[in-house]
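This report concerns only the one structure given below.
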Amino acid sequence: MSFKVNIDDFCLSQCVQLKGFKSLALEQEGDVVIGGLFPLHFLAPELQQSYHSKPQNTACSGFDHRAFRWMMTMAFAVEEINNKSDLLPGIKLGYRIMDSCDSIHTSLQAFFSLVSFSTIVSTQLGSSTCVSDSPIPVSYFATCTCLSDKQIYPSFLRTVPSDFFQVKGLVQLVTFFGWFWVGTIGTTDDYSRYGIQAFSDQFGLKGGCVEYRLTIPASPTTAEIQEITNRLKSSTTQVVVAFATEGQLLNLFLEVRLSANLQRIQWVASEAWVTAKLLTQPHFHHLLEGTLGFSFPGVRIPGLKEFLLNVQPSPKPGMEIINMFWQEQFGCKLKFEGDKHENVDNIRPVCTGSEDLSLTSSSYTDVSQVRISYNVYKAVFAIAHALHALLHCDSAGSYNRTFSKCPIKQVLKIVSKGSTECIKCPEFYWSDEDKVKCVAGVEEFLSYNETMGIILVALSLLGVILTIIITIVFHHFRTTPIVKANNSEISFLLLLSLKLCFLCSLVFIGQPSVWTCMLRQAAFGISFVVCLSCLLVKTIVVLLAFRANVPDPKGLRMFGPSQQRIMIFCTTVPQVEGQCNCWLTGAHPFPFRNPTFQSSNGKIFVECKEPWPVGFYLVLGYIGLISFVCLLLAFLGRKLPDTFNEAKLITFSMLIFMAVWISFIPAYISSPGKFSVAVEIFAILASSFGLLLCIFVPKCYIILLHPERNIKKGLTGKHNR
């Protein structure tokens, strides 16, 4: 029987035959053949290719009974579907199952072996046609968050939840117990890398810190395992989160269990190994007792246990994997297997083939609460229901069905022209002008190359240059009365903080990254607080020195340089502590592609998202509080002698400062996209220029153009006019 369905070049086979690769497979013929990859072994051979000769196939080792149960669950599901009259009637499902050895290299080899065998398809015209395209993968165990990206993996489906949910649970688990100082262990695969990265990011948002991130190589040597063990010994954390499979962790645990001082470690397991029976052996009890983690919910599949117990070895082709399991399970050697596999020892007793699986106890026969096996079961049924719906689609003009008596090999093609179906584009994608395909949106941010960015950079650098020039002038005339008055040390600290204020605006320009999002607010908040603290101290010194127009040396002695430094420190610390400990470590800004800022021309604004906006306004409010106190004190000293005009200058500068930032808030909220960043940069530059010009330019005017006024009497209003 063959059929033709107009659904766009979909098939489960390719027209490329790999040469020189042969792997064990469990096979059953069928009209539609489903491929399966399972980690039947957890130790893959280390690759040492010379590239001068054909690579030799080396057998994997470490047979995994639990993975074999997963594999047989797939065979059970296929058999159950074939026995149903209401699901795929008249269609027989088959399977081709191969061993991935829990390794990227062997997984790729097995995958290409699945999809790269030649297929001849009989069409209605009787001609031979080779049909090829990528298969639709349905995963039962791949939880990596990276696979959720439909732009990269548009056809990937899975019956297991993404690690996003597991990571969220693990973060809640460790923080619930108060473990905010942990280490992580993973491998080189994406499951570990993405899982650990997501855990570290979410853990950091909760105030946690990761002491180390250890990586187990794909084929670790004894020296590499020992190096990881030594790192665990020297660490201070007692909680370790491990994202890996049991096979990848086995060698490490075998080494760690020998170290008495590592038995203190509290292990937090990912779902890949938390229920693994391999690690429940007695010699691991003292190390892994008390391990915490999340597992998939366990269920009971009716009929599965009976199916698994009825497995029997056979000399027939395609039964090699079952024969391998039989020898591993009973520790014997089948006569018809001989010495074909390296893991069969010549000193083993001969298997009779009639051994009773029901008398054994292993992860293969334990099906009281299956987890991954159920995901396999669901994956097979998902494919079956999809094929059933496909073969019984009655949408007029969309699909074409014909049935006739090569067994069917799929020819599935999509009718694109004249289609009435409208598919929504993925996030950050727009339809093109012809409305026939989705195109990626263009990311937009305040760039150094655009006119606005160039102007803001020029103003920032101008402010830095002016501040440096004034610093040079003040340093050259540091022994003169106008510089020495009111503690020249504070004046230089004020100039330094103004430089930082100008420079911090540069961090707001360019594409946002993790570190720039954190640095821009930290630099802004701290530099302005230091600047205003210096002005506050200056104002207090002026009031104490010229109370009622009469200098008060006693007041100055009580508020000398040491007290002034302490006050600057005390007013700066709340900002530093509030930002670093509460805001930036607990809920720091991060790069975000704003899905709400989308326009018809397909632009996406990339911004620094504030997970806790209150933190930013608290920083701004603290700056406003200090500036208000400074303004109030400076206003009280406005009637000091005209020749010592610093109180009036501070008053004027504070009025400019507060006017800029009061007008900033509504302008910032109402500005769309990159213009909100430009508004914040403008506010930083305007207030910085106001402070620089109001406080220091008049003094430079006296120093450079009227040196006769740069005398002690001139500063107190007692010089001759």
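The values are calculated or read from the model by the stated rules, or taken from the named source; none is laboratory data. This one's a predicted model, so the numbers in the text were calculated from it and none came from an experiment. Positions of Cβ are generated from backbone atoms using ideal geometry, with glycine treated the same way; all protein chains shown enter the neighbour counts. Keep in mind that these areas ignore ligands, DNA and RNA; they rest on the heavy atoms of the full protein, side chains included. Shrake-Rupley method; radii C 1.70, N 1.55, O 1.52, S 1.80 Å.
Data for the structure
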read-out: Identity of the residue in the stretch 182-240, open to solvent by 30 Å² or more (accessible area, probe 1.4 Å) and aliphatic (A, V, I, L, M), that ends up farthest from residue 255 (Cα to Cα); value: 205
read-out: Residue in the stretch 175-187 that is more than 21 Å from residue 147 (Cα to Cα) and in a helix (DSSP H, G or I) present; value: yes
read-out: Of residues in the stretch 475-484 being in a helix (DSSP H, G or I) and of a type outside the set (Val, Ile, Thr), the one farthest from residue 684 (Cα to Cα); value: 481
read-out: Any hit, the stretch 485-494, residues being closer than 26 Å to residue 680 by Cβ, under 43 Å from the mean Cα position of the chain (by Cα), assigned to a helix (DSSP H, G or I) and not aromatic (Phe, Trp, Tyr); value: yes
read-out: Criterion (open to solvent by 60 Å² or more (accessible area, probe 1.4 Å) and either modelled with pLDDT under 85 or among the basic types (Lys, Arg) (or both)) met by exactly one of 605, 635; value: 635
read-out: Unmet criterion (only one of (1) open to solvent by 30 Å² or more (accessible area, probe 1.4 Å); (2) at pLDDT 85 or above) for residue 599; value: (2)
read-out: Condition met for residue 455 (over 28 Å from residue 674 (Cα atoms) and open to solvent by 80 Å² or more (accessible area, probe 1.4 Å)); value: no
read-out: Residue match in the stretch 279-295 (condition: within 26 Å of residue 46 (Cα to Cα), surrounded by 15 or more Cβ atoms within 10 Å (Cβ to Cβ) and in contact with a strand residue (DSSP E or B) (Cβ under 8 Å, 6 or more places away or on another chain)); value: no
read-out: Search result, residues across the stretch 358-385 that are open to solvent by less than 70 Å² (accessible area, probe 1.4 Å) and aliphatic (A, V, I, L, M); value: 367, 370, 372, 376, 379, 380, 382, 383, 384
read-out: Helices (runs of 4 or more DSSP H) contained in the stretch 192-309 and holding at least 2 residues touching a Ser or Thr at 6+ places or on another chain (Cβ under 6 Å); value: 246-256
read-out: Residues of the stretch 205-236 classified as within 19 Å of residue 585 (Cα to Cα) and in contact with a strand residue (DSSP E or B) (Cβ under 8 Å, 6 or more places away or on another chain), total; value: 6
read-out: Any hit, the stretch 659-666, residues being at pLDDT 90 or above and either open to solvent by less than 40 Å² (accessible area, probe 1.4 Å) or farther than 23 Å from residue 524 by Cα (or both); value: yes
read-out: Condition met for residue 306 (buried (at least 19 other Cβ atoms within 10 Å of the Cβ) and of a type in the set (D, E, K, R)); value: no
read-out: Those residues of the stretch 472-487 which are over 17 Å from residue 569 (Cα atoms) and not β-branched (Val, Ile, Thr), in sequence order; value: 474, 475, 476, 477, 478, 481, 484, 485, 486
read-out: Qualifying residue in the stretch 74-97 (condition: of a type outside the set (Ser, Thr, Tyr), at pLDDT below 90 and in contact with a His (Cβ under 9 Å, 6 or more places away or on another chain)); value: no
read-out: Matching entry among 306, 271 (being of a type outside the set (A, V, I, L, M, F, W, C) and farther than 26 Å from residue 26 by Cα); value: 271
read-out: Positions within the stretch 163-177 being modelled with pLDDT under 90 and either open to solvent by less than 20 Å² (accessible area, probe 1.4 Å) or more than 15 Å from the chain's Cα centre (by Cα) (or both), in sequence order; value: 163
read-out: Answer from 180, 112, 117, 156 - the residue that is modelled with pLDDT of 90 or more, out of contact with any Asp or Glu (no Cβ under 6 Å at 6 or more places or on another chain) and aromatic (Phe, Trp, Tyr); value: 180
read-out: Tabulated pairs, the stretch 88-109, first more than 22 Å from residue 77 (Cβ to Cβ), second in a helix (DSSP H, G or I) and open to solvent by 30 Å² or more (accessible area, probe 1.4 Å), C-beta under 6 angstrom, 6+ apart or interchain; value: none
read-out: Test: residue 535 is open to solvent by 10 Å² or more (accessible area, probe 1.4 Å) and either touching a Cys at 6+ places or on another chain (Cβ under 9 Å) or modelled with pLDDT of 85 or more (or both); value: no
read-out: Those residues of the stretch 247-258 which are open to solvent by less than 10 Å² (accessible area, probe 1.4 Å) and in contact with a helix residue (DSSP H, G or I) (Cβ under 7 Å, 6 or more places away or on another chain), in sequence order; value: 252, 253, 256
